[in-house]
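A.B. asks: Handing you a structure now.
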Amino acid sequence: AKFAHDAELEFKVNARRVKLLGLWVAELLGMRGEIAEVYARDLVQVDFTEPGHVDVFGKVWADIQAKEAKVSEHQVRIEMERLLGVAAEQIQAEAVKG
């Protein structure tokens, strides 16, 4: 049961992180409101194509390059790491609220 709970928690944290990343990238690309939300949800779906985060990074990096947004590959990777912590905090806070 603990393994299943931990796996579910990890899944939720990762999905939240990808959504937050999607919202961050959407803002960089000039998307707002519902368009940004749709981009973020679509990015979560992209994450199911391959294990790990190569698929997500590849998608956002291609989108960033296509729009010539002023952000480096390194900045994207740092933001991905930062958002992992943010997502974990959010999911834990939601679990406490019940």
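The values are calculated or read from the model by the stated rules, or taken from the named source; none is laboratory data. Since we're looking at a predicted model, the values are computed, not measured. FYI the Cβ positions are ideal-geometry reconstructions off the backbone, even for glycines, and counts take in every protein chain you see. The area values use the complete protein model at the heavy-atom level, side chains included, leaving out ligands, DNA and RNA. Shrake-Rupley method; radii C 1.70, N 1.55, O 1.52, S 1.80 Å.
A.B. asks: So which pairs qualify, if the first residue must be in the range 80-98 and of a type in the set (Val, Ile, Thr), the second must be surrounded by 14 or more Cβ atoms within 10 Å (Cβ to Cβ) and assigned to a helix (DSSP H, G or I), the Cβ gap must be under 8 Å, and the two must be at least 6 apart or on different chains?
C.D. replies: Qualifying pairs under 8 Å: Val86/Arg17; Val86/Leu20; Ile91/Leu9; Ile91/Lys12; Ile91/Val13; Ile91/Arg16.
A.B. asks: Given the criteria over 24 Å from Phe11 (Cα atoms), out of contact with any His (no Cβ under 8 Å at 6 or more places or on another chain) and open to solvent by 60 Å² or more (accessible area, probe 1.4 Å), does Ile35 qualify?
C.D. replies: So Ile35 fits the description; yes.
A.B. asks: Just to be sure before I move on: is Trp24 assigned to a helix (DSSP H, G or I), among the hydrophobic types (A, V, I, L, M, F, W, C) and crowded, with 18+ Cβ neighbours inside 10 Å in the structure I sent?
C.D. replies: When the stated conditions are applied, Trp24 passes them.
A.B. asks: While we're on this one: Applying the selection to the range 48-82, what residues are open to solvent by 40 Å² or more (accessible area, probe 1.4 Å) and outside any helix (DSSP H, G or I)?
C.D. replies: The answer is Phe48, Thr49, Glu50, Pro51, Gly52, His53, Glu68, Lys70, Ser72.
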